[in-house]
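One structure below.
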Amino acid sequence: MKNNLSEAHLHRPTFRVMGIIIAIGIVYGDIGTSPLYVMKAVLNALPHNHPEYIIGAVSCVIWTLTLQTSVKYILITLHADNEGEGGILSLFALVRKKYRWAYVIAAIGAATLLADGVITPSITVISAIEGLHNVYSSTPIVPIAIGVILVLFALQPFGTASLGRFFGAVMLGWFVMLGTFGLSRFVEYLPIAKAFNPIYAILFLKSSPQILIILGAIFLCTTGAEALYSDLGHCGLHNIQVSWIFVKITLILNYLGQGAWIITHPGRIVPNVNPFFEIIPSWFALPGVLMATFAAIIASQALISGSFTVITEAISLKLWPNIKIKYPTEFKGQMFIPGINYILMILCILIIYIFKSSSDMEAAYGLSISITMLMTTLLLFLYMQVKEIKLWRSIPITLCFLFIETGFLVANSMKFTHGGFITILIAGFIFFIMYIWYNGRRIKNRCITYEKIAPIIPVLNQLSCDIQVPKYATHLVYVTRAKYKTDIESKIIYSLINRQPKRADTYWFVYLLRSDEPYVFDYQVTTFVKEKIFRIDITSGFKLGFHVDDYLRKIVDKMEENGEVDLLSRYPSLRENHIRGDFRYVVVERIMRNNLCLPFFKRAILLIYTSIKRFVTSDTQILDLDPTNVTVESAPLVRKIET
């Protein structure tokens, strides 16, 4: 019997004005705040501010936005969606059945994306607060920036559904401000429009004596493109594509305006001057700083939420340890992961305290995200192979972006000794955890032995009727890892019959399958003995999580309506009052024994995996079971693996 309990799990965003405004608020926080520091970084990297150099630099920014953001992500990558969901791990989910080894690429990309999520809020917030120097020169930048970060992370446990509705309006105002003040400076020096000609970018790169340093600065204009792809599921393809037209126009106008101001005000170019705040009229200085601060907070919020999403998807794809995920609101997709939240908060504060200024952060920013983009390009090529796109199309597209991104990676590698090593260390640690968890779980699963369930069914049927054995529960539930309905783990048989015979009126074996689709949910019931022994196969989307207790109760309620099972207590006094019988779950944990025969490398992985598992959430919490109804048992890993 097969059923579907989902109730419109996925409501795809509609293409309308409100959807576009929401997309502007959610998707473009990171890339939308890049004008705060891009031209400042470029100006610090240029040997001098000759007009031809400035025009060439602005041309590089325009064409980086066009090739990387518009072409790669908006026109190509956004179409690689997993039931409407985007991001590097969703892309991996689309190819992993054919290219299982691609987990290494996905893990590297996800790790560097998470590492980028540490420095992005820091540089965005401190860049905005630095604008107060134009209003109040004695402003304590670092304490205020740390205060903003503390408040931002402290709000995460309460959810942001109530704030989310304002994000679109605030960011819409932000982009209008970017475009307006950029245009006002642009008209003061119209020759800056030559930057639209890619020849100026090419000539600039050929003639620049510090090309790698300058490329590293220019790359900052497109760092938010990967976050844009990750937010696909929140806003929808068409809303993102249409809103990008408006966003790109305002961004380019602002970059043109900053370039025009640099050319027309050579006497005001001093170390660490920020052209962004200089193009804002003095009468709007304070509102401009406040707008920048709000935009920075929104951008940071998007990256924090994105980090939660990446970790949740990594858990679903067996790339991250199972940890507790909370849902502070009823808004679909909102989640809160306490451990990740506070680790991010501490790291952001340390980044601000160590670097102290956006200029110093620029030296460390961009290295990790350039690696993420490279990994996305590789996975995109594999996706095109899955979709059977002709090689004469897929190879040139891939090589084009690999060439561009490799150039940016080489340029950003210059930042390694200037602080880039911090994000690489963070990314390396995250990748290490992912690699160990993925491979440790696979090694552990290979140590499980299975037996045919058919010979056990008559034994359980007789045990259920044997009144000399104390009743263990009315309904006894085991979560099984046997993907074939004909099999059952040896450890479950041992727990049921040998360890302590467990008499129950009804036996349930539940198999959980996490789907690569985000919101699918269905189940299939196999009846071994009518009204007594069942197996339920549950398929749950990777964004729904496992809530076994809740799922099972909904399923058995449906079965009771169909007359397939009796849920009332078997005790006469309770049955007469129509009281349901109790449910008891047994979780059998597998432990590593010294006599397990494995090669040194695999044994080391399994040992580290086991050590990590001790510090993460228990199976009871991951399966969302009521701990008062759970018995935890242990069974050794005893199977010897030939190598």
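The values are calculated or read from the model by the stated rules, or taken from the named source; none is laboratory data. As the structure is a prediction and not an experimental result, all values here were calculated from the model. A quick note on method: Cβ atoms are made from the backbone with ideal geometry, for glycine too, and the neighbour counts reach across all protein chains shown. Protein only, heavy atoms only, side chains kept; ligands, DNA and RNA dropped before computing areas. Shrake-Rupley method; radii C 1.70, N 1.55, O 1.52, S 1.80 Å.
Overview of values
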| read-out | value |
| --- | --- |
| Nonlocal amide H pairs with Glu589, under 5 Å, H built at 1.01 Å | Glu633, Ser634, Ala635 |
| Full-extension gain in nm, Leu290 to Ile199, via 0.36 nm per residue minus C-alpha separation | 29.0 nm |
| Built amide H within the under 5 Å cut-off of Gly581, gap 5+ | Leu568, Ser569 |
| Neighbour cut-off at most 13 other Cβ (10 Å), DSSP loop, GluC sites (Glu not before Pro), segment 540-626 | Glu576 |
| For segment 487-603, the spread of Cα positions along each principal axis, largest first, Å | 60, 39, 21 |
| Neighbourhood charge, 14 Å Cβ-Cβ cut-off, centred on Tyr73 and excluding it, Lys, Arg +1 and Asp, Glu -1 | -3 |
| Cα centroid separation, segment 201-279 to segment 337-382 (Å) | 19 |
| Net charge of neighbours whose Cβ lies under 13 Å from the Cβ of Leu43, counting Lys and Arg as +1 and Asp and Glu as -1 | 0 |
| For segment 227-335, the spread of Cα positions along each principal axis, largest first, Å | 57, 29, 26 |
| Theoretical gain in end-to-end length, Asp487 to His79 [0.36 nm per residue, Cα-Cα removed] | 142.9 nm |
| Tilt relative to the chain, helix 391-413 - C-alpha long axis, 0 to 90 degrees, to 10 | 70 |
| For segment 375-386, 3J(HN,Hα) per residue [Karplus equation, 6.51 cos²θ - 1.76 cosθ + 1.60, θ = phi - 60°, Hz, x = Gly/Pro] | 5, 4, 4, 5, 5, 5, 5, 5, 4, 5, 6, 4 |
| Pair Arg580, Thr628: separation of 7 Å Cα→Cβ label points (nm) | 1.5 |
| Rounded to whole Hz, the Karplus (6.51, -1.76, 1.60) HN-Hα couplings of segment 502-509, x for glycine and proline | 10, 7, 9, 6, 9, 10, 10, 10 |
| Probe 1.4 Å - accessible area at Arg580, Å² to nearest ten | 110 |
| Cα Rg, Dmax (largest Cα-Cα span) when computed across segment 121-218, Å | 19.1, 53 |
| Under 19 Å from the Cα of Lys485 - lysines, other chains or at least 8 residues apart | Lys2, Lys452, Lys530, Lys532 |
| Rg/Rg_globular for segment 345-422, with Rg_globular taken as 2.2 N^0.38 Å and Rg from C-alpha atoms | 1.45 |
| For Asn82, distant residues with modelled amide H under 5 Å away | none |
| Where N is the number of residues in the chain, Cα Rg divided by 2.2 N^0.38 Å | 1.11 |
| Accessible surface of the chain, 1.4 Å probe, proportion on carbon and sulfur as whole % | 63 |
| Residues of type aspartates and glutamates that Lys324 reaches as a straight line, Cα spacing below 19 Å, ignoring anything fewer than 8 places off in the same chain | Glu313, Asp549, Asp550, Glu589, Asp619, Asp624, Asp626 |
| Label-point separation in nm, Leu513 to Arg553, each point 7 Å along Cα→Cβ | 2.6 |
| Label point distance in nm, Lys356-Phe421, each placed 7 Å from Cα along Cα→Cβ | 2.0 |
| Where the chain is the region considered: accessible area per residue in Å², 1.4 Å probe | 42 |
| Net charge, Phe175 excluded, C-beta distance under 15 Å - Lys, Arg +1, Asp, Glu -1 | 0 |
| FRET efficiency estimate (nearest 0.05) - Cβ-Cβ, Lys98 to Ile448, R0 30 angstrom | 0.75 |
| Whichever lysines have a C-alpha closer than 16 Å to that of Lys387, once near sequence neighbours (fewer than 8 apart) are set aside | Lys97, Lys98 |
| Under 11 Å from the Asp522 label point (7 Å along Cα→beta-carbon), backbone N, segment 531-573 | 539 |
| Karplus (6.51, -1.76, 1.60) ³J(HN,Hα), θ = phi - 60°, over segment 447-462, in Hz, Gly and Pro reported as x | 8, 7, 9, 10, 10, 6, 7, 4, x, 7, 4, x, 5, 5, 5, 6 |
| Column: log10 I(q)/I(0), Debye, Cα scatterers of segment 545-607, q = 0.27 Å⁻¹ | -1.15 |
| Stretchable slack from His265 to Cys465, in nm (0.36 nm times residue separation minus alpha-carbon distance) | 62.8 nm |
